[in-house]
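**Q** I have a structure here, written as structure tokens, and I will follow up with some questions on it.
Where a number appears in this text, it was derived from the coordinates with a stated rule and is not lab data. Predicted model only: the values in this text are computed from it and were never measured. FYI the Cβ positions are ideal-geometry reconstructions off the backbone, even for glycines, and counts take in every protein chain you see.
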Amino acid sequence: MAELHLTPQPIIDQLKKNDVTHVVWLPDSETNFMYERMAAEQSIDLVSVCREGESMAVAAGLWIGGKKPVVLIQNTGMFESGDSIRGLGLDIGFPMVMMVGYRGWTRHGVTADSAARFTEPILDAWGINYYLVETDSDVDRISTAFEEAERIQSPVACLMGAEYG
């Protein structure tokens, strides 16, 4: 069986397909593989933040200003961002897509990292739907997340698995 990978270009193609104007992010070990390709993409602006908790406010400001941001943070940063997700995502009806680096995720056995074990239960507790994106064949789920976020006027997450090519 061929080894499965997640590579930058199909993800960027999905962002472009969904008219994303800005990627608000804090680079992490699960999503840093995309940095060079995103930085080279002329149609998408990268907005770096110092802490993940800032990402929601920055993205909400861009959205209010008529732009279409995506938030790209690690699951541990999503935990830190809880109050911002509640107040600036859920409470104002912000159709935000969060691409969440799924630190500690493994489909090969026991998941020892508590960050991975808590990710889905926390999203469930917040009532945020999510899609697992592990390989290039899964990237169409990013478009599904954008469609759903618009339809329900609420945040939707893409959990970005850790098997990168």
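**Q** Using Cα springs under 10 Å in a Gaussian network model of the chain, which residue among Q14, Q42, Q74 shows the largest mean-square fluctuation?
**A** Evaluated over the chain, the most mobile residue of the options is Q42.
**Q** A further question on this structure: Output wanted: per-residue J couplings in Hz (rounded whole) for region 95-112, from phi through Karplus 6.51 cos²θ - 1.76 cosθ + 1.60, θ = phi - 60°, x for Gly and Pro.
**A** Whole-Hz 3J(HN,Hα) from phi for region 95-112: x, 8, 9, 10, 9, 10, x, 8, 4, x, 5, 8, 9, 9, x, 5, 9, 7.
**Q** When the chain is modelled as a GNM with alpha-carbon springs shorter than 10 Å, which of Y35, Y131, Y102 fluctuates the most?
**A** Comparing Y35, Y131, Y102 in the GNM, the peak value goes to Y35.
**Q** Another one. Going by C-beta contacts inside 10 Å, put S84, S55, S137 in order with the fewest on the left.
**A** Numbers: S84 21, S55 31, S137 12.
The most exposed by this proxy come first: S137, S84, S55.
**Q** Could you point to the residue in M78, M34, A57 farthest towards the positive end of the chain's charge dipole, with +1 and -1 charges on the Cβ of Lys/Arg and Asp/Glu respectively?
**A** Positive-most Cα among the choices belongs to A57.
**Q** Compute the distance from the alpha-carbon center of region 32-88 to that of region 92-145, in whole Å.
**A** 15
**Q** Tell me, in nm to one decimal, what length is gained between R151 and F79 on full extension, where the rule is 0.36 nm per residue of separation less the Cα-Cα distance? Present the calculation step by step, with values, prior to reporting the outcome.
**A** Values: separation 72, 0.36 × 72 = 25.92 nm, distance 2.49 nm.
Taking R151 through F79 to full extension adds about 23.4 nm, to one decimal.
**Q** On to the next question. List, largest first, the extents of the alpha carbons of the chain along their principal axes, each in whole Å.
**A** Taking max minus min along each principal axis of the Cα atoms, the chain gives 46, 36, 31 Å.
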